[in-house]
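**Student:** Mind looking over this structure? Questions follow.
The values are calculated or read from the model by the stated rules, or taken from the named source; none is laboratory data. Everything numeric in this text was worked out from a predicted model, so none of it was measured. Note that we place each Cβ from the backbone using ideal geometry, even for glycine, and neighbour counts take in every protein chain shown. Each accessible area value is taken on the protein alone, full model and side chains, heavy atoms only, with ligands, DNA and RNA left out. Shrake-Rupley method; radii C 1.70, N 1.55, O 1.52, S 1.80 Å.
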Amino acid sequence: MKSNKMVLLGHSSNRNPIVVTALQIIGVIFLVEIAIMLFFAMIELEINLYAEAVLDASLLSIISAPFIYYFIILPFIKARSMAEGETLILSRAVESSSTSVIITDKQGSIEYVNPKFSEITGYTKREALGHTPRLLRSGETEERIYMDLWQTIESGNQWKGEFRNQRKNGNLYWDRCSVSCVKDITGKVTHYISTHEDVTQEFELTEKLNYQAKHDLLTGLINRFEFERRVDRLLSNINHEKDQHAICFMDLDQFKIINDTCGHIAGDELLHQLGSVLSLAVRQRDTLARLGGDEFGVLMEHCSIEQAQRVADALLVAVQSYQFSWEGQPFRVGISIGLVAISESTPDLTELMKQADAACYMAKDGGRNRIHIYNPEDTDLSQRIGEMLWVNRINHALQEDRFCLYAQAIKNVDNNIVEHYEFLIRMIGEDGEIIRPGSFLPAAERYDLIENIDSWVIENAFTLLAQSPELVDRTEFFSINLSGKSLTSIEILEKITSMMETTGIEGDRICFEITETIAISNLSAATRFIAALKSKGCRFALDDFGSGISSFGYLKTLPVDYLKIDGIFVRDILSDPISHAMVKSISEIGHLMGMKTIAEFVEKSEMEEILQQIQIDYVQGYAIDKPRPFEQLQ
């Protein structure tokens, strides 16, 4: 029985073991070959064909069917199922993507587009298939970009960039694109796939921001930043070009009248219209800019000073011929122009702008509505430039709170007692040095910074007095100087009232000093200002009295309490009989009108004796007391 089983299994005790081993090896090789054949057959056929092939193979079904099923067929079925699942997920992801997807063959013919493509471009899938992406070309994308794209992807690399494309309806849009190669298992390119984003809003926002960064929104002209950038670029190349250029700085005359009379809306409309008027007067290659407020500038490249003057003349005539109308009321404005040649000797942008600004103000000083050509030998112009240098220093000092208050005593001549003090401003320099007001106040007045300084003095003077109650109690009052600008300023009036309420300092402890010339030139405004503060108990002194030719004629109109006699008369009272007579007559008329008199610039003790003889009430000067920091009065 045992021997029969051995025969059935193909074994015999009489067979050579080597032969048996060889047969076994051949059998294994045979099974492996069949397995390989079946593997490749399954790639070409459906799974059911594989099963039929296996069932038909009777030898396999008898000998190795379990092996093939568990180790070949079943893993393949699982792998194929997973691949089909991943493919389905990928397909759904592309179909629902928020990014447009295009797949083309190697020649660029479109084989697939997703729904987002149709949403962005307006072309349906049917309309796009078979065409190339040239379907979207607008003609506004440079050809070099397409050349770069093809060179990049044909070398097997990814390309990224932007196109200015066209939708089906003809509208243009910005397309941010990324193109990649699709390769087979041998590494050969078979397709291209590209993704696209509509970034039109992003580009339009960027363009808008770029435009706003370079243009004045009111007039549409180039703004100061871009103007100065172009001038600076020109200066950096001027040594290489050896060419002539020029710049002009323009400031409108009488603009403030329209702004104050008709309001800021009218002023803005005037500036808008003038932008168009000036644009017609310059050459096409010139750069016209609004530099701020009512100031304009023109950069004239490749232009001699003679040619530049002709352009400036055209600008002057254009503005003179222009009439602005607001609510049926006609207005005319003028323009003052400063003209500067740009040459190799021009140091830098800052200095050039100072020269142009100074030349413009010289045109204003010369009578307005005219042109002034910059000349470095002009002494008046040099003085103006010197004042302009103070503008930045004043602004920085205000920003950094680098001012301080000094005080100088004013003594009663009769009882020899200091009864009040005058606040005097000082600037603290960048290195800590103390700068007297004569150095910076002229520039502050000329360049409209004086009101800011007045505001600083008012706030700090009231604050110091509130912190010094004992000093306030033993002092009759303290004097604060006000400029002409402040006499017409509602803001300054409100500032004073607010500080009085905040600090609790009574009005009768404050005396405001205004100069005679300013008070007379703003007589109605000065009268209203004085009346408003006198109603709160404040006093007023008319400073530098006697400097005006009509001084006495206005005393009846101005309700002041004190006359401060101009130091030019007081200084020479010992040696000049006319000065002595002037001081005496001012004292007599002042007393006649119920005012008290103060003589300033008293620098010698002998002067005090003479002033007492002619009945001057108070004296002030170095012979009485030198200005000192307010803190030293405590």
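**Student:** Looking at segment 286-296, can you tell me whether even one residue there is open to solvent by 10 Å² or more (accessible area, probe 1.4 Å), assigned to a helix (DSSP H, G or I) and either on the phi < 0 side of the Ramachandran plot or among the small types (Gly, Ala, Ser) (or both)?
**Tutor:** For segment 286-296, residues open to solvent by 10 Å² or more (accessible area, probe 1.4 Å), assigned to a helix (DSSP H, G or I) and either on the phi < 0 side of the Ramachandran plot or among the small types (Gly, Ala, Ser) (or both): absent.
**Student:** What pairs come out if I take residues in segment 171-189 that are closer than 16 Å to residue 158 by Cβ and pair them with residues that are hydroxyl-bearing (Ser, Thr, Tyr) and loosely packed, with under 11 Cβ neighbours inside 10 Å whose C-beta lies under 9 Å away, six or more apart or interchain?
**Tutor:** Short answer, once both residue conditions are applied: none.
**Student:** Now for a separate question. So, in segment 484-501, exactly how many residues are assigned to a loop (DSSP other than H, G, I, E, B) and out of contact with any Asp or Glu (no Cβ under 8 Å at 6 or more places or on another chain)?
**Tutor:** Residues meeting the conditions: 1.
**Student:** For residue 543, indicate whether it is of a type outside the set (A, V, I, L, M, F, W, C) and out of contact with any Asp or Glu (no Cβ under 8 Å at 6 or more places or on another chain).
**Tutor:** Here the answer is no, as residue 543 does not meet what is asked.
**Student:** Please go through segment 576-625 and give me each residue that is in contact with an Asp or Glu (Cβ under 8 Å, 6 or more places away or on another chain) and more than 19 Å from residue 410 (Cα to Cα), ordered by number.
**Tutor:** If the condition is that a residue be in contact with an Asp or Glu (Cβ under 8 Å, 6 or more places away or on another chain) and more than 19 Å from residue 410 (Cα to Cα), then 579 is the only one that fits.
**Student:** Hey, another quick one. Of all residues in segment 109-139, how many are exposed (fewer than 13 other Cβ atoms within 10 Å of the Cβ) and either at pLDDT below 90 or within 16 Å of residue 169 (Cα to Cα) (or both)?
**Tutor:** So the answer is 3.
**Student:** Is there any pair with a first residue in segment 263-278 that is at positive phi and a second that is aromatic (Phe, Trp, Tyr) and crowded, with 19+ Cβ neighbours inside 10 Å whose Cβ atoms are under 7 Å apart and which are 6 or more apart or on different chains, and what are they?
**Tutor:** Between residues of segment 263-278 that are at positive phi and residues that are aromatic (Phe, Trp, Tyr) and crowded, with 19+ Cβ neighbours inside 10 Å, there is no close pair.
**Student:** Any residue in segment 434-448 that's under 20 Å from residue 407 (Cβ atoms) and touching a residue at least 40 places away in the same chain (Cβ under 8 Å): show its pairings with residues that are assigned to a helix (DSSP H, G or I) and among the hydrophobic types (A, V, I, L, M, F, W, C) at Cβ separation under 6 Å, as long as the two are six or more apart or on different chains.
**Tutor:** These pairs meet every condition: 440/390; 440/394.
**Student:** Name the pairs whose Cβ atoms lie under 9 Å apart, with the first residue in segment 298-317 and more than 18 Å from residue 353 (Cα to Cα), the second aromatic (Phe, Trp, Tyr) and buried (at least 20 other Cβ atoms within 10 Å of the Cβ), and 6 or more positions between them or separate chains?
**Tutor:** Pairs found: 315/296.
**Student:** When both residues are 6+ apart or on different chains and their Cβ atoms are under 6 Å apart, which pairs have a first residue that lies in segment 94-108 and is over 13 Å from residue 191 (Cα atoms) and in contact (Cβ under 8 Å) with a residue 60 or more places away in the chain, and a second that is in a strand (DSSP E or B) and open to solvent by less than 30 Å² (accessible area, probe 1.4 Å)?
**Tutor:** 100/196
**Student:** Residues to consider are 567, 594; find the one that is open to solvent by 60 Å² or more (accessible area, probe 1.4 Å), among the small types (Gly, Ala, Ser) and either touching a residue at least 12 places away in the same chain (Cβ under 8 Å) or within 30 Å of residue 465 (Cα to Cα) (or both).
**Tutor:** Exactly one of 567, 594 is open to solvent by 60 Å² or more (accessible area, probe 1.4 Å), among the small types (Gly, Ala, Ser) and either touching a residue at least 12 places away in the same chain (Cβ under 8 Å) or within 30 Å of residue 465 (Cα to Cα) (or both), namely 594.
**Student:** Kindly evaluate residue 558 against the criterion of being among the aliphatic types (A, V, I, L, M), under 24 Å from residue 477 (Cα atoms), open to solvent by less than 10 Å² (accessible area, probe 1.4 Å) and modelled with pLDDT under 90.
**Tutor:** The answer is yes for residue 558.
**Student:** From the residues in segment 347-373 that are at pLDDT 85 or above and assigned to a loop (DSSP other than H, G, I, E, B), which one is nearest to the chain's Cα centre (by Cα)?
**Tutor:** Checked segment 347-373; the qualifying residue nearest to the chain's Cα centre (by Cα) is 348.
**Student:** I would also like to ask the following. Determine whether residue 313 is within 28 Å of the chain's Cα centre (by Cα), at pLDDT below 95 and among the acidic types (Asp, Glu).
**Tutor:** Against the criterion (within 28 Å of the chain's Cα centre (by Cα), at pLDDT below 95 and among the acidic types (Asp, Glu)), residue 313 does not qualify.
**Student:** So residue 185 passes all but one of these: (1) part of a loop (DSSP other than H, G, I, E, B); (2) under 26 Å from residue 205 (Cβ atoms); (3) aliphatic (A, V, I, L, M). Which condition number does it fail?
**Tutor:** Failing condition for residue 185: (2).
**Student:** Follow-up. May I ask you to list the residues in segment 501-517 that are over 26 Å from residue 260 (Cβ atoms), open to solvent by less than 30 Å² (accessible area, probe 1.4 Å) and touching a Leu at 6+ places or on another chain (Cβ under 9 Å)?
**Tutor:** Selection gives 505, 507, 510, 513.
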